[in-house]
Structures are given as structure tokens and as C-alpha cells.
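Below you'll find the structure, written out as C-alpha cells, and then a few comments.
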Amino acid sequence: MTYASPTTINGSLGFGEVLNYINNVTNNWISIMFLMAIYIIVLVGYYKAQDDFKGALAVAGYGTFIVAFLFWLGGFVMGWTLGVAIGLAVIGTFVLLMDNS
């Protein structure tokens, strides 16, 4: 499958057009990797700051869901990716609510 040359990008539309081109060339993998990076960075950052892994799962799940929802509205991710983000948020909530302490 051939893609358009990067020189055909209309620069007057902003940086979003460049991101759209990169996303099309990588078959949506760049946006999925970006969402994975957000999840991991928030998970590790919250865990190191609060020393609460269950809370970190919930915060990372909800943060990733919000970004994935915005990406879905913009057309950068497909529905199954949003479904995975919703699943991560549900799992984080479930683990947080099952806290025995």
C-alpha cells in the first residue's frame, strides 16, 4: 500500500494534519503507543508519589480513558482501542473498590 508523500501535507491546517498523516502511515499504531505511554507514565508516577498501587491503577485507567475518548472523537483511534481504555478504567475501579483496608 502506498501512501502520499509527506510534502503533500497542508501545513496551514496545523500540527494535527501532521499527526493525522503519521497515524495513517503507521496504521493507527502511533496513537495506540501514545496511549500506552500515557497509561504507564501515569501508573508509575502516581505509584511512586503516593505508594498506592490500587489508586494508581484507577487514576491511570481514567486518565487514559479521557485521552482515548478525545482521540476517538478526533478520529485517531478505532472503537476497540476506546473499548480497551474503558476496560482499563473499569478494572482500576474494580480493584480500588475491592480494597480490604
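Remarks
- Listed from fewest to most Cβ neighbours within 10 Å, the set Met33, Met98 follows the order Met98, Met33.
- Rounded tilt (10° steps) of 29-50 against the dominant C-alpha axis of the chain: 30 degrees
- Net charge contributed by nearby residues that have their C-beta within less than 11 Å of Leu96 (K/R +1, D/E -1): -1
- 20 °C / 1.002 mPa s Stokes-Einstein diffusion coefficient of the chain, Kirkwood radius on C-alpha pairs, µm²/s: 143 µm²/s
- Counted by neighbouring Cβ atoms within 10 Å, the residues Thr8, Thr26, Thr64 run from fewest to most as Thr8, Thr26, Thr64.
- Counting only DSSP H runs of at least 4 residues, each contributing -39500 (n - 2.57), and dividing by the residue count of the chain, the helix-based mean residue ellipticity at 222 nm comes to -25000 deg cm²/dmol.
- Spin-label pair Val18/Met98, simplified geometry with 7 Å Cα→Cβ offset, distance in nm: 4.4 nm
- Centroid-to-centroid, using Cα positions, segment 35-101 and segment 4-33 are 25 Å apart.
- Among Leu97, Leu35, sorting on how many other beta-carbon atoms sit within 10 Å of each Cβ, with the fewest leading, yields Leu97, Leu35.
- Among Phe76, Phe34, Phe65, the largest mean-square fluctuation in a Gaussian network model of the chain, built with springs joining Cα atoms closer than 10 Å, belongs to Phe34.
Just so you know, all these numbers are worked out from the coordinates, no wet-lab data involved. Note that the coordinates shown come from a computational prediction; the quantities given were computed from them, not determined experimentally. Ideal geometry is used to build each Cβ from the backbone, glycine not excepted, and the neighbour counts take in all protein chains shown.
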